[in-house]
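Visitor: Dropping the structure in here first, questions after.
The values are calculated or read from the model by the stated rules, or taken from the named source; none is laboratory data. These numbers were taken from a predicted model, which means no experiment stands behind them. So basically every Cβ, Gly included, is an ideal-geometry build from the backbone, and we count neighbours across all protein chains shown.
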Amino acid sequence: MLMAHPVVLQNLIEQYETLRMLHAESGGTEVRQRMDDLAYTLCVSTGTRDVDAALIAARHQLPGARVEDDSALAAGAGTPGG
C-alpha cells in the first residue's frame with residue numbers, strides 16, 4: 001500500500017476535525033461535500049473504510065506516534081492483547 005506523506009495526513013486531519021468541530025455536517029451543501037471529500041481522502045490514504053478508523057490510522061502514521069499504543073484500535077476486540 002502506498003503511504004501518504006505525514007504532512008498531507010496532518011493537513012487532512014486538521015481540516016476534517018476543524019469542520020467537524022464547527023458542526024459543518026449540518027451546514028450547507030458545499031461544506032458537507034468538503035467533509036465527505038476529506039473523509040474519502042483519509043480513508044483512501046490509510047486503507048480504511050470509515051472515517052473514524054482513518055483518523056486513528058492517520059495519527060499512527062504521523063511522526064512521534066506511539067506505534068506500540070494500539071489501545072484505540074484494540075477497543076472492542078474482546079480480550080486484552082487481541
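Visitor: Check whether at least one residue in the stretch 1-16 is exposed (fewer than 12 other Cβ atoms within 10 Å of the Cβ) and either modelled with pLDDT of 90 or more or in a helix (DSSP H, G or I) (or both), and report yes or no.
Guide: yes
Visitor: Can you name the residue in the stretch 21-64 that is under 10 Å from the mean Cα position of the chain (by Cα), assigned to a helix (DSSP H, G or I) and of a type in the set (S, T, Y) and, of all such residues, is farthest from V8 (Cα to Cα)?
Guide: Result: Y40.
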